[in-house]
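Written out below as structure tokens is the structure these notes cover.
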Amino acid sequence: MGPGPSDVDPRVLAAMARPIIGHLDPEFISMMDQVKTMLKAVLQTENELTMPVSAPGSAGMETCFVNLVEAGDKVIVCQNGVFGGRMRENVERYGGTAIMVEDEWGQPVDPAKVEAAFAEHPDAKILAFVHAETSTGVRSDAKTLCQIAQKNNALTIVDAVTSMGGVELDVDGWGIDALYSGTQKCLSCPPGISPVTFSNKAVEVVKARKTPVASWFMDTNLVMGYWGGSGKRAYHHTAPVNALYALHESLVLLLNEGLENAWSRHDLHHQALKAGLEAMGLELLVDEEYRLPQLNSVVVPEGVDEAAVRSALLQNYSLEIGAGLGALAGKVWRIGLMGASCNRRNVMQCLDALENTIREQGIDVGQGAAQAAAKVYQN
Ligand SMILES: *Cc1c(COP(=O)(O)O)cnc(C)c1O
């Protein structure tokens, strides 16, 4: 129950154990087509350039930035946690100028600040932001931020690593131009693959570049020779065959459940966890309006040794929860309810284990957590 990797369904693990076939085998190519079709369904997009990058979420991030940013480009980068900082690094490493819009950790990106940044830099080419900030548990209003970018004729790059599969995500409806995600959060698939999608407008921008894409491996013009449209597929790199079996199976599971059902499952178990935490007198960091159901930042109460609690949970209950990052290190725990980890048994076990462990540190947290959570399930 940390911030990823999440638990993986046994069906996904079983899919991974199937025999390897060639990465250009006709059967494999037909499976690749199914993966693309299912990714489009989950991302709610018709984008032709939708594919899984053969590397973790961070490589999906690099794929978006290395293709779209050219030397001298201005990119408005929103930072309200760890992952916005990485976007800035990307922009600068590829020769762009990052115009920073900063919000406090635990707050969403403020659209008014983004409007102000465009007013000051009307020539900004791209707006980049994190939809679901895993370091804090905040959801930003992606739809509104994309509208602001469109009004200013800018492209958007969106980090949806933690949002995909856990909360509403509508690539075409919101007009997102480039997006990257990851397999190990709410898709409940082993880590190491990063779904990306580029709008036709973004593809045109890549094609019209004055300089070649600095990364050979991540140049979409080359990768699409393997992942692209119909017809002949050419060798680009050896795809991680078994990891893609796993992604295929996890997408089948998600689409069988139904996107909206998956989102409401995340919300239900979040509500139960929240009720239990509140019954213990614990506080969530993020305001209800912006809270991510799949990542719960819990304020560490006064007098509690946060690292000792985490290691006791691991030792005594085989339960992993996450620590705070950066500005929030030592101040919060991060409890993940992602994908297959997001279920009633985990919520009840986590509350029980946390209650016992905090009590062992001499802090009175009452005994009502389980009951409060159970009440949510009865409603
Ligand atoms: C986990 C995460 C990443 C990085 O994904 P990796 O698979 O670890 O490379 C990027 N952005 C966000 C918001 C994340 O939660």
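The values are calculated or read from the model by the stated rules, or taken from the named source; none is laboratory data. Here the structure is a predicted model, which is why all the values come from computation and not from measurement. Virtual Cβ from ideal backbone geometry, glycine too; neighbours counted across all protein chains shown. When the accessible area is computed, the model is the full protein with side chains, heavy atoms only, and any ligands, DNA or RNA have been set aside. Shrake-Rupley method; radii C 1.70, N 1.55, O 1.52, S 1.80 Å.
Shape class of the stretch 259-378 from the alpha-carbon gyration tensor: prolate, with a/c at 1.5 or above and a/b greater than b/c. Its alpha carbons considered, the chain gives a radius of gyration followed by a Dmax of 21.1, 67 Å. Distance between the 7 Å Cα→Cβ label points at Asp172 and Lys201: 1.6 nm. Among Thr357, Thr238, the order of accessible area from largest down is Thr238, Thr357, computed with a 1.4 Å probe on protein heavy atoms. With a threshold of 30 Å on the Cα-Cα distance, the over-threshold entries among Lys151/Lys274; Lys36/Lys375; Lys143/Lys274; Lys40/Lys274 are Lys151/Lys274; Lys36/Lys375; Lys40/Lys274. Annotation for the stretch 160-229: trypsin sites (Lys or Arg not before Pro) lying in DSSP loop with at most 11 further Cβ atoms inside 10 Å of their Cβ are Lys210. Taking a point 7 Å from the Cα of Asn256 along the Cα-to-Cβ direction, none of the residues of the stretch 335-359 has its backbone N closer than 12 Å to it.
At 0.36 nm per residue, and after removing the present C-alpha to C-alpha distance, how many nm does the segment from Tyr317 to His121 gain when stretched out fully?
Working: separation 196, 0.36 × 196 = 70.56 nm, distance 5.21 nm.
Contour length minus the Cα-Cα distance gives 65.3 nm.
Express as a percent, rounded to the nearest 5, the fraction of DSSP beta bridges in the chain (both residues included) that run antiparallel.
Taking every DSSP beta bridge with both residues in the chain, the antiparallel ones total about 55 percent.
Can you check what the net charge comes to around Asn200, using other residues whose Cβ is under 15 Å from the Cβ of Asn200 (Lys, Arg +1; Asp, Glu -1)? With Lys, Arg at +1 and Asp, Glu at -1, the neighbours total -2. For the stretch 314-354 versus the stretch 271-296, the inter-centroid distance based on Cα atoms is 12 Å. A Förster distance of 22 Å, applied to the separation of the beta-carbon atoms of Lys210 and Gln150, puts the FRET efficiency at 0.40. On full extension, the segment bounded by Glu27 and Asp305 gains 94.7 nm, given 0.36 nm per residue less the C-alpha separation. Expressed as a whole percent, the accessible surface of the chain that belongs to carbon and sulfur atoms is 50, based on a 1.4 Å probe.
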